[in-house]
Amino acid sequence: MGAASGRNARAKRPGMQRQALIVGASTGIGHQLAQLLGERGYAVTSASRSQGGLDVTEEQPAFPEIDGPIHALAFCPGTILLKPFAQLKDADFRHDLEVNFLGAVKTLRHYQRHLMAADGASVVLFSTVAVQAGMAFHASVASAKGAVEGLTRSLAAEWAPKVRVNALAPSLTDTPLAARLVKTEAQREGIAKRHSLGRIGTPLDVAEAAAFLLGTQSNWITGQVLPVDGGMANLRTP
C-alpha cells in the first residue's frame, strides 16, 4: 500500500507522487480509506493509537513527522456515546469534544504548512447524520460533530483557494466503533429498516466518498458537509 506508520513515521514523496495522511486508520473507515488511497497511488501515512501511539486528546499529540507537502488529509477518530441528556456528565461532553473537534483542530494546526505547500490539498473531516436529523440520546456526540461542521466551513473559507475542506456526515456504519449497537441480528435488521436503502452502511461506502473528496475529481467542491447516510437525514419511505 505504500504506507508508513509509527510515532516517528516519516513518509517521503517520490517524484510527483501525491502524499496522504490518515489519522485514525487502524480500523473501520480510516483503515479502508488508507487502503483505497494506497491502491490509487498515494504515499499514505497512517497514524492512530495502535499505529505509533498517537492520542489526539493529549495536549501535545505525538504526530508523525512528514517530509514535503500533504495533498490529502483525513481525520477519522470518532465517538459514539448515546445516553439520555440527564445521564450525561460534563466529562462526557468534554471527551466527545476532545476526540472529535479538538483532535481535528490539533491535527490541522500541526500540518497546516504541509497542506499549504501542496498544489491543491484537500481535507476531509467527519460529522454525523445526527447533527442535521436530530436524534434522541445524541446530545453529546451531535454537539461535538456540530462543532466539526462549523470548523469545516470556516477553514474552507479561510484556506481557499489553496486547500479545500469538506466533511462527511455518515449514518451508522458497520465498524468496530459501532459494534455494540449491532450485536444481534434483530438490532441489525431494525437499524437497517430505518434507512431508505434498507441496510447499514459499510466502511467502504464512506471511504469511497472520502476518497472522492480528497481526490482531484472534486476540485470544485469545498465547505460542504456531504451526507453518506442511506437516506436517513432527508427521506422517509414507507
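The values are calculated or read from the model by the stated rules, or taken from the named source; none is laboratory data. Owing to the predicted nature of the structure, the values given are computational and were not obtained by experimental measurement. Please note: Cβ atoms are built from the backbone with ideal geometry, for glycine as well, and neighbour counts cover all protein chains shown.
Below is a table of values for the structure above.
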read-out: Looking only at the stretch 14-34, and only at residues there that are in contact (Cβ under 8 Å) with a residue 40 or more places away in the chain, outside any loop (DSSP other than H, G, I, E, B) and among the small types (Gly, Ala, Ser), the one that is farthest from GLY120 (Cα to Cα); value: GLY28
read-out: Scope the stretch 151-199; condition surrounded by fewer than 19 Cβ atoms within 10 Å (Cβ to Cβ), under 18 Å from VAL228 (Cβ atoms) and hydroxyl-bearing (Ser, Thr, Tyr); matching residues; value: SER196
read-out: Meets criteria (at pLDDT 95 or above, outside any loop (DSSP other than H, G, I, E, B), hydrophobic (A, V, I, L, M, F, W, C) and surrounded by 21 or more Cβ atoms within 10 Å (Cβ to Cβ)) for LEU213; value: yes
read-out: Residue that is nearest to ALA207 (Cα to Cα) [pool: residues in the stretch 1-31 that are at pLDDT 95 or above and buried (at least 24 other Cβ atoms within 10 Å of the Cβ)]; value: ILE29
read-out: Within the stretch 172-197, considering residues that are part of a helix (DSSP H, G or I) and among the charged types (D, E, K, R), the one nearest to the chain's Cα centre (by Cα); value: ARG180
read-out: VAL131, sole failed condition from (1) modelled with pLDDT of 95 or more; (2) surrounded by 22 or more Cβ atoms within 10 Å (Cβ to Cβ); (3) under 18 Å from ALA20 (Cβ atoms); value: (3)
